[in-house]
1. Of the numbered conditions (1) surrounded by 13 or more Cβ atoms within 10 Å (Cβ to Cβ); (2) touching a Ser or Thr at 6+ places or on another chain (Cβ under 9 Å); (3) more than 17 Å from Arg89 (Cβ to Cβ), His16 satisfies every one except a single condition; which is it?
2. Please count how many residues of the range 22-48 are farther than 18 Å from Glu119 by Cβ and not polar (S, T, N, Q).
3. Those residues that are in contact (Cβ under 8 Å) with a residue 60 or more places away in the chain and either among the hydrophobic types (A, V, I, L, M, F, W, C) or loosely packed, with under 14 Cβ neighbours inside 10 Å (or both), I need them from the range 82-100; list them, please.
4. Could you tell me which of the residues Glu23, Glu43 is open to solvent by 30 Å² or more (accessible area, probe 1.4 Å) and in a strand (DSSP E or B)?
5. For the range 101-121, which positions are loosely packed, with under 10 Cβ neighbours inside 10 Å and in a strand (DSSP E or B)?
6. Can you name the number of the only condition in (1) assigned to a loop (DSSP other than H, G, I, E, B); (2) in contact with a Gly (Cβ under 9 Å, 6 or more places away or on another chain); (3) at pLDDT 95 or above that Gly5 fails?
7. Kindly indicate whether any position in the range 60-78 is among the aliphatic types (A, V, I, L, M), closer than 20 Å to Thr128 by Cβ, under 13 Å from the mean Cα position of the chain (by Cα) and surrounded by fewer than 18 Cβ atoms within 10 Å (Cβ to Cβ).
Amino acid sequence: MDTAGVFPEDHHTSPHSALLGSEFVGWDEATQTATMRFTVRKEMTTWRGGVQGGLVAGYLDDVMGYAYVAATGGEMAPLNLDLTMSLIRLIPEGPLIGKGRVVKAGRKVVFLEAELLSEDGKLMARATSTAIPTPRPSPESTGMV
């Protein structure tokens, strides 16, 4: 799948993407769905052996955000007003698949949803988010170069 013009080339330089082990896999224009792969590191887990809940929200937020970024050709990014999630199963260390979708995008509000899946397709967590559309920041514009 050619993601040129859909997904920012500088994604790999984002500090949060490095922390989450994020990798953009693809974009489905017809369903407005982004697919990402994450590598869950041991440092993200609790003594129970699963990802800490707040960090699960980070994975879900990442894939929802990049769905909107892809939908706008890399021009815009969502700024969350809320994020609601359900933790379905304990997420262990290892590979994780994220699916994020733009449900509806208007001039003033964006509705997003996401799922995290094990490699064999088991639902691990899901989320919805309401956000406002903003120009996508760059490392240069934020002074984080």
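The values are calculated or read from the model by the stated rules, or taken from the named source; none is laboratory data. Being a predicted model, the structure only gives us computed values, none of them experimental. Methodologically, a virtual Cβ is constructed for each residue, glycine included, from the backbone with ideal geometry; neighbour enumeration extends over all protein chains shown. We work out accessible area using only protein heavy atoms, side chains counted, and drop any ligands, DNA or RNA first. Shrake-Rupley method; radii C 1.70, N 1.55, O 1.52, S 1.80 Å.
1. Of everything listed in (1) surrounded by 13 or more Cβ atoms within 10 Å (Cβ to Cβ); (2) touching a Ser or Thr at 6+ places or on another chain (Cβ under 9 Å); (3) more than 17 Å from Arg89 (Cβ to Cβ), His16 misses just condition (1).
2. Number satisfying all stated conditions: 7.
3. Residue satisfying the conditions is Ile97 alone.
4. Glu23
5. We begin by selecting, within the range 101-121, every residue loosely packed, with under 10 Cβ neighbours inside 10 Å; these are 104, 106-108, 120-121.
Result: Lys104, single match.
6. (3)
7. So far as the range 60-78 goes, no, none of its residues is among the aliphatic types (A, V, I, L, M), closer than 20 Å to Thr128 by Cβ, under 13 Å from the mean Cα position of the chain (by Cα) and surrounded by fewer than 18 Cβ atoms within 10 Å (Cβ to Cβ).
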